[in-house]
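The values are calculated or read from the model by the stated rules, or taken from the named source; none is laboratory data. What you are looking at is a predicted structure, and each value in this text was computed from that prediction instead of being measured. Don't worry about glycine lacking a Cβ; one is built from the backbone with ideal geometry, like all the others, and counts go over all protein chains shown.
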């Protein structure tokens, strides 16, 4: 079993992201595996768990301790990774990509990322996940891993100047869950959504 924790984006950004994804996919068929989850900003990357009820109890305490806050999405970005899936994308290709909307770094997000990693590490075993830590870049994923990186590069070149001046107040947090250890993002369900305090 694995879980991940994320903030859900509002309906305006949800609709923008889905419209942009469909538009890009029509010209560059990158696949819709990232659309299996609601548009979100990941706060804690997937990590293995032994007991869902214990993690759920932590998640409920966490949600009750966070007031709503504002986030800004600023531009389209491409990340490519060579020779490995890093446990995120269902691929065996030599190089794969992620196309995302960058989220402007702010102290609330960074401090919550630190806090969650610290608190989970104190309560549970083996909670470290790929990309955790100070280098983690906050983002909202449009596409990930289904095609080779060259197609991602082509799509990014065509859409990189798309205006992305979006903001919203984060009001909900989600717990994503899957009952296996596969790297396929489509195996996750949105297990629980809670309002921020």
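Structure notes:
- Residue among 191, 81 that is at pLDDT below 95 and in a strand (DSSP E or B): 81
- Residue in the stretch 109-117 that is modelled with pLDDT of 95 or more and exposed (fewer than 14 other Cβ atoms within 10 Å of the Cβ) present: yes
- All of 52, 30, 62 fail the test of being in contact (Cβ under 8 Å) with a residue 60 or more places away in the chain, more than 15 Å from the chain's Cα centre (by Cα) and under 21 Å from residue 130 (Cα atoms), apart from 52.
- Criterion applied to 73, 101, 120 was being modelled with pLDDT of 95 or more, in contact with a strand residue (DSSP E or B) (Cβ under 8 Å, 6 or more places away or on another chain), under 15 Å from residue 42 (Cβ atoms) and not in a strand (DSSP E or B), and the one residue passing it is 120.
- Yes/no for residue 29 being under 30 Å from residue 161 (Cα atoms) and in a loop (DSSP other than H, G, I, E, B): yes
- The residue that is nearest to residue 73 (Cα to Cα), among those in the stretch 143-164 that are at pLDDT 95 or above and not in a helix (DSSP H, G or I), is 164.
- Taking the stretch 44-63 as the range and being touching a helix residue (DSSP H, G or I) at 6+ places or on another chain (Cβ under 8 Å), over 19 Å from residue 109 (Cβ atoms) and outside any helix (DSSP H, G or I) as the test, only 49 passes.
- Total residues in the stretch 1-54 satisfying the condition of being surrounded by fewer than 14 Cβ atoms within 10 Å (Cβ to Cβ) and closer than 25 Å to residue 150 by Cα: the figure is 6.
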